[in-house]
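The block underneath contains the structure these notes are about, expressed in structure tokens.
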Amino acid sequence: MNFDNYRMLDLTTDDPMALTATFASHGWGDGLPLVAPTPDRVETMLSYLGDVDPEEVIATLPPRSGEATRRMIAVNAVLAGCAPQHLPVLISAVRALSAPELNLRGVNATTHCVAPLLIIHGKYASDAGYNGGLGAFGPGNHANASTGRALRLILLHIGGAVPGGGDASTQGGPAKYTYCVAENLDESPWGSYATTKGVDSGSAVTVHCGEAPHNVHDMESSDPAAILDKVASAMCSWGQNNAPISQGEYFITLCPEHAFTCASQGWSRDDIASYLYNKATVNVGEAKQAFALRAWAPWQHALGDADRIAMTEKPDNIKILVVGGPGKHSSIIPSWGMTKSVTVPIMP
Amino acid sequence: MKIYTPEGQLGEPQTSLAPSPTVLAGKRIGILDNTKPNAGLLLARLASRLADRTMAELTITEKKNAALAAPDQVIGNLTKEVEIVLTGSAD
């Protein structure tokens, strides 16, 4: 193969620690040991895609304006330890990242701790080994761990989202190492989340740029409202970006048992979102006192100090899906705020 | 052993900076305040000192959201009204 179009490095050893040190000397890597992206490994990864152009630019990623071709995505997938079947998910996720409404420039550059969460939907998730069941957010599953890690490496290397450079995150965050789960369709009473976004595909990936999961614990309730009141309580924390930003989304990842309690009493996804919209509210006067700068919808500015304001401006901003295994812990995943989640079909 | 470097090629940047003027005296300076708590303070102080030194004329403009690009109307007005823009401050 002719490597004239690519920058290559010569290594004298295949020791992973030596590779990691070499990469670190160039400002690359995420601090963890890396797999050497040799031409053979990258070609094996690309051959899984079939008849597609490896040099096609899938997206140009800010702030560095790096070109994410299939080949460069594959290079970073190898570095992260991915298997070839994870590559179509990454390519699709990069497409999602380039959607204007996701605002990747802001996501990468902000002082907030936001990280893109990948949610894999449908048959591809189970076929490629993604975990949506017990312990889905980690650790322990190769597909989840390596795919999420590869996306971070793509943002670091191609996008230039390097701490102190293109990433100004004040504290960083563990979700910036890897952040990937599957939707637990086997135990969901409502079908694939992707279909609610109009993605008519058996398999899809959603990218939601948000915080790490916030736990919601309810061991005892048999009433959907009692469970969801606790979800609403977690949604109302003043420390989230969603508090002063009305367009922020929430992903509510219900565990199967909480979802079953809701669905068995006739609650649909829309019912849950509507209930949470009405219950996750705060006092307007207190909100104004807490935040001098508020990115509110125009109608929200007209509310009086004694009124209550929803934590997000419409029920559609509250996204419901099932993740996890046995037990009664769910999560809310608040947004960074100035971003919209994107769902796309998984395509090479 | 040969390996790929991980960055890939650079594409066209979405925007590029205009060339800096060689003389500031008498220029009109715009301050694009992104409304972060300290951005306006810092930029206004910088602009004030520049104005003292160069007799430049100041215009202060706010954009309402620090996380989004300035609307076309704001950029259009700045283009018409000033020759230099100070912006880009974080918190």
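The values are calculated or read from the model by the stated rules, or taken from the named source; none is laboratory data. Just so it is clear, the model here is predicted, and its values are computed rather than measured. Note that each Cβ is placed from the backbone with ideal geometry, even for glycine, and that neighbours are counted across all protein chains shown. For accessibility, only protein heavy atoms count, side chains too; no ligands or nucleic acids. Shrake-Rupley method; radii C 1.70, N 1.55, O 1.52, S 1.80 Å.
Computed quantities for the displayed model
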quantity	calculated
Residue that is farthest from B:A66 (Cα to Cα) [pool: residues in segment A:273-316 that are of a type in the set (F, W, Y) and away from chain B (no Cβ under 14 Å)]	A:Y275
Residues within segment A:129-148 that are open to solvent by less than 30 Å² (accessible area, probe 1.4 Å) and either of a type in the set (D, E, K, R) or in contact (Cβ under 8 Å) with a residue 60 or more places away in the chain (or both), tallied	6
Pair list, Cβ < 9 Å and 6+ apart or interchain, from segment A:309-322 residues that are assigned to a helix (DSSP H, G or I) to residues that are aromatic (F, W, Y) and surrounded by fewer than 24 Cβ atoms within 10 Å (Cβ to Cβ)	A:P315/A:Y275; A:P315/A:Y277; A:D316/A:Y277; A:N317/A:Y277
Only one of A:R41, A:R95 that is assigned to a helix (DSSP H, G or I), within 23 Å of A:S341 (Cβ to Cβ) and open to solvent by 20 Å² or more (accessible area, probe 1.4 Å)	A:R95
Candidates A:P54, A:P88 - the one that is open to solvent by 20 Å² or more (accessible area, probe 1.4 Å) and outside any strand (DSSP E or B)	A:P54
Test: B:A51 is more than 14 Å from chain A (Cβ to nearest Cβ), surrounded by fewer than 16 Cβ atoms within 10 Å (Cβ to Cβ) and under 30 Å from A:I158 (Cβ atoms)	no
Matching residues, segment A:86-103, being within 14 Å of chain B (Cβ to nearest Cβ) and more than 17 Å from A:T178 (Cα to Cα)	A:S98, A:P100, A:E101, A:L102, A:N103
Inter-residue pairs, beta-carbon under 9 Å, first within 8 Å of another protein chain (Cβ to nearest Cβ) and in segment A:22-40, second in a loop (DSSP other than H, G, I, E, B) and open to solvent by 70 Å² or more (accessible area, probe 1.4 Å), 6+ apart	A:A36/A:D14; A:A36/B:M1; A:T38/A:D14; A:T38/B:M1; A:P39/A:M1
Pick from segment A:73-85, criterion in contact (Cβ under 8 Å) with a residue 40 or more places away in the chain and within 11 Å of chain B (Cβ to nearest Cβ), ranking: surrounded by the fewest Cβ atoms within 10 Å (Cβ to Cβ)	A:A80
Members of segment B:32-48 found to be open to solvent by 90 Å² or more (accessible area, probe 1.4 Å) and within 11 Å of another protein chain (Cβ to nearest Cβ), listed by number	B:P37
Those residues of segment B:61-82 which are in contact with a helix residue (DSSP H, G or I) (Cβ under 7 Å, 6 or more places away or on another chain) and either away from chain A (no Cβ under 14 Å) or at pLDDT 85 or above (or both), in sequence order	B:T61
Some residue of segment A:326-346 being in a helix (DSSP H, G or I) and crowded, with 17+ Cβ neighbours inside 10 Å	no
Test for A:A310: is it modelled with pLDDT of 95 or more and aliphatic (A, V, I, L, M)	yes
Looking only at segment B:2-31, and only at residues there that are aliphatic (A, V, I, L, M) and under 30 Å from A:T38 (Cα atoms), the one that is surrounded by the most Cβ atoms within 10 Å (Cβ to Cβ)	B:I3
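Conditions tested, residue by residue: (1) under 23 Å from the mean Cα position of the chain (by Cα); (2) within 9 Å of chain B (Cβ to nearest Cβ).
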residue: A:R7; (1), (2): no, yes
residue: A:T20; (1), (2): no, no
residue: A:P54; (1), (2): no, no
residue: A:R71; (1), (2): yes, yes
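Residue by residue, here is whether (1) over 16 Å from A:M235 (Cβ atoms); (2) of a type in the set (A, V, I, L, M) holds:
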site: A:R294; (1), (2): yes, no
site: A:W299; (1), (2): yes, no
site: A:A306; (1), (2): yes, yes
site: A:T312; (1), (2): no, no
site: A:G324; (1), (2): yes, no
site: A:G327; (1), (2): yes, no
site: A:S330; (1), (2): no, no
